[in-house]
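One structure is given below, encoded as structure tokens.
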Amino acid sequence: MEFTHSVRGKSYRFGDLRALLAKASPARSGDYLAGIAAADDTERAAAQMALADLPLKVFLQEQVVPYEDDEVTRLIVDDHDAKAFAAVSHLTVGDFRNWLLSDEADEAALTALAPGLTPEMAAAVSKIMRVQDLVLVSRKCRVVTKFRNTIGLAGRMSTRLQPNHPTDDPVGIAASMIDGLMFGNGDAVIGINPASDSIPAVIALVNMLDEAISRYEIPTQSCVLTHVTTSVEAINRGAPVDLVFQSIAGTEAANKSFGVSLDILREGYEAGLSLQRGTIGDNVMYFETGQGSALSAYAHHGVDQQTCEARAYAVARKFKPLLVNTVVGFIGPEYLYNGKQIIRAGLEDHFCGKVLGVPMGCDVCYTNHAEADQDDMDVLLTMLAVAGLNFVMGIPGSDDIMLNYQTTSFHDALYARKILGLRPAPEFEDWLLRTGIFQPGPQLRLGDALPKPIQHALAQLA
Amino acid sequence: MKDSPVIPSAWRQLRQHTQARIGLGRAGTSLPTSAHLDFQFDHARARDAVHRALRADALAEGIKSLGLDPIAVHSAAPDRAAYLQRPDLGRRLDGASRQALEPFASPGEGRPDVALVIVDGLSAFAVEQNAVPFLDLLLPRLDSAGLTLARTTIAMQGRVALGDEIGELLGASLVVVLIGERPGLSSPDSLGVYMTFEPRIGRTDADRNCISNIRPQGLSYDVAASKLFYLIQESRRRRISGVSLKDETGNDGAVITAAASPERLDHK
């Protein structure tokens, strides 16, 4: 279907739905690299007007990647909940924005709508929303998940403690873990990116994390971020795996480049469930995503990177994840060039995930060849914390010495918690108070003394 | 003297176990000034490594001192901003460079064995610091094996795959690309070496072998040169490079790897 729009006597034509979405996308380097971005700002603004006039129903009739060619499209179409969609089925994309901003769209209405929305609808409306719109609507959404604690409650923000080490040295990892716990981090997950993907090495890390969590009775969960098939094999060999990790993307071909399919993800999901290690819930999956991953695998089908990203959330929500993390600035400047593009993308991803019912967190991050710095990350972290994101990363001094990029530090998480009065997951907060890492009281204050379990751990490492 | 407002971390002793920035203390609950400024300094060094232009003339003098006679070429990316946003342009020569290399092409009989291509990549600093001392140890090894060299090139605004076009133009049976790697916060000076058998436009990362982190505080020049020399000989003997070559050298996997998508950052 072709789309045309006339503004002030000039007519703009868009060849199909993909072209319309791509040209309506706020500027970013990846869409230029793909050759699908608007030719200039005026064409982009006209595309946004044309998109605003589009009935939401069109997204049920026309797919950006053909149904026959792509299992992610089939998942989106086959799982669509028409009853849930009925609340907004009469609206255009432009009026959908108006509805989202209205008081009618409260937490209950947004929760009920989520299964009726397709990723393309969420992506489309996000393209005509300002940053404040993305924040305002995200803040009304709530996606709560559970394993050994409760993540995503109002007024709370969790952190992934990321104690990476370039050679997986257990003592080095333990040192970073203690640092993170002492700063009140680690309630979303204690998650290691392993240097080695070998199964024995992965199992050794899984065991190490399990021992730490059990010995110190920390109400949190662990994850070794290795390929889903490696986690399944580790489970088969009896490893105490809490969360099953996988990077995912928004097209079948892009997922194939990660070595996964919906069937493989289901195997991982079922293997994780089979261990029944969650004490208060059974959300066992941890997914990571990021704009540009489909294009980087030449698997984007001419679809803009932000729409591809939203489609990844349809994959995620199929498997009831505990955590979904958009690693927004990791991929590099050929996809998101500078702080402005990274900030906008992080807020778009969080918005799209939340309205689709996905427990979104964000790796607020950048590489050294991106035009971005700590100030940009402070802005994005602050905006996301206001928008009510479920979790951020926590790493010593913002410096990941294994992956060579910069993300939010343990201190950064305390900043966000402090300025907005955000607290950790309730079960983890109780533990922090019990151990004396946090002091009781309305204000966030760290304890003065070294807690007993930490003294014990220090003695062991000395 | 009044006490410092910084609250030190009681677990500072753990710093001996990791290069990670742990035990930094706190000002309130925020980063103390010294830790904050240390980070800013390291980031500035990494940024400067990305953005400073390669001093190609000085590098050429260094290369000449090794007995080579390099030619300067330029990718199709006109400047750093284009280079960073358009990796495709960094993988191809500009028109003038193609013309400049044509007289040195040697197709068919008498093909050179190895083309050395020295590329700024994401850290000109890495190339300036490490390329000459590394080649100083590599060249005698190539010479001892009787390998012939194509004309050496120094390429500006280049990606790894630029070596494919250059190697193909020069008719070399194997190309070795020395390139500045994406700077880390504490390693802005890392040199990477990529080897590709039968280079031609369209080769992918799966066709290459990589030796990474060559710098004074990382992998030593001597170890890197001997590893590369081993790879070159294996590649010539088996007439392949990349993933399938790596399978036979598994015990070196941590250092010699099939090029794991040097320009494609997968998710963590």
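Some points to look at:
- Filtering the stretch A:332-354 to residues that are open to solvent by 10 Å² or more (accessible area, probe 1.4 Å) and among the aliphatic types (A, V, I, L, M) leaves only A:ILE343.
- The residue list B:LEU84, B:LEU59 contains one member that is within 14 Å of another protein chain (Cβ to nearest Cβ), surrounded by 19 or more Cβ atoms within 10 Å (Cβ to Cβ) and not in a loop (DSSP other than H, G, I, E, B), which is B:LEU84.
- Any hit, the stretch A:120-130, residues being assigned to a loop (DSSP other than H, G, I, E, B), open to solvent by 40 Å² or more (accessible area, probe 1.4 Å) and either farther than 30 Å from A:ARG277 by Cβ or modelled with pLDDT of 95 or more (or both): yes
- Candidate set: the stretch A:214-264, residues that are in contact (Cβ under 8 Å) with a residue 60 or more places away in the chain and in a helix (DSSP H, G or I); chosen: the one least open to solvent (accessible area, probe 1.4 Å): A:ASN255
- Scanning the stretch A:389-441 for residues that are among the basic types (Lys, Arg), closer than 15 Å to A:ILE151 by Cα and within 11 Å of another protein chain (Cβ to nearest Cβ) yields one hit, A:ARG417.
- If you go through the stretch A:175-204 and keep only what is crowded, with 24+ Cβ neighbours inside 10 Å and more than 12 Å from chain B (Cβ to nearest Cβ), you end up with A:GLY186, A:ASP187, A:ALA188, A:VAL189, A:ILE190, A:VAL202.
- Restricting the stretch B:14-33 to residues that are assigned to a helix (DSSP H, G or I) and closer than 16 Å to A:LEU181 by Cα, the residue that is farthest from the chain's Cα centre (by Cα): B:LEU14
- Some residue of the stretch A:325-334 being assigned to a helix (DSSP H, G or I), in contact (Cβ under 8 Å) with a residue 24 or more places away in the chain and farther than 28 Å from A:ALA271 by Cβ: no
- Filtered residue count, the stretch B:140-157, keeping only those that are in a loop (DSSP other than H, G, I, E, B), in contact with a Leu (Cβ under 9 Å, 6 or more places away or on another chain) and of a type in the set (Gly, Ala, Ser): 1
- Of all residues in the stretch A:452-462, exactly one satisfies the criterion of being more than 10 Å from chain B (Cβ to nearest Cβ) and either in a loop (DSSP other than H, G, I, E, B) or touching a residue at least 24 places away in the same chain (Cβ under 8 Å) (or both), namely A:PRO453.
- When B:ASP42, B:ASP79 are checked against the criterion of being modelled with pLDDT of 95 or more, within 14 Å of another protein chain (Cβ to nearest Cβ) and surrounded by fewer than 20 Cβ atoms within 10 Å (Cβ to Cβ), B:ASP79 stands alone in meeting it.
- Residue list for the stretch A:273-296, restricted to those being surrounded by 19 or more Cβ atoms within 10 Å (Cβ to Cβ) and more than 20 Å from the chain's Cα centre (by Cα): A:GLY278
- Hits in the stretch B:14-29 - residues which are more than 7 Å from chain A (Cβ to nearest Cβ) and open to solvent by 30 Å² or more (accessible area, probe 1.4 Å): B:ARG15, B:GLN16, B:ALA27, B:GLY28
- Answer from A:SER196, A:SER176, A:SER126, A:SER158 - the residue that is free of Cβ contacts under 8 Å to residues at least 40 places away in the same chain, of a type in the set (Gly, Ala, Ser) and at negative phi: A:SER196
- Failed condition for A:ALA299, given (1) in contact with a His (Cβ under 7 Å, 6 or more places away or on another chain); (2) open to solvent by less than 10 Å² (accessible area, probe 1.4 Å): (1)
- Check on A:ALA310, touching a strand residue (DSSP E or B) at 6+ places or on another chain (Cβ under 8 Å), outside any loop (DSSP other than H, G, I, E, B) and open to solvent by less than 20 Å² (accessible area, probe 1.4 Å): no
- Odd one out for B:ARG200, checked against (1) modelled with pLDDT under 95; (2) open to solvent by 30 Å² or more (accessible area, probe 1.4 Å): (1)
- Residues of the stretch A:1-18 classified as surrounded by fewer than 20 Cβ atoms within 10 Å (Cβ to Cβ) and touching a residue at least 60 places away in the same chain (Cβ under 8 Å), total: 1
The values are calculated or read from the model by the stated rules, or taken from the named source; none is laboratory data. Treat the numbers as computed from the prediction; the structure is a model and nothing was measured. Glycine also receives a Cβ, built like all others from the backbone with ideal geometry; neighbour counts cover every protein chain displayed. The area values use the complete protein model at the heavy-atom level, side chains included, leaving out ligands, DNA and RNA. Shrake-Rupley method; radii C 1.70, N 1.55, O 1.52, S 1.80 Å.
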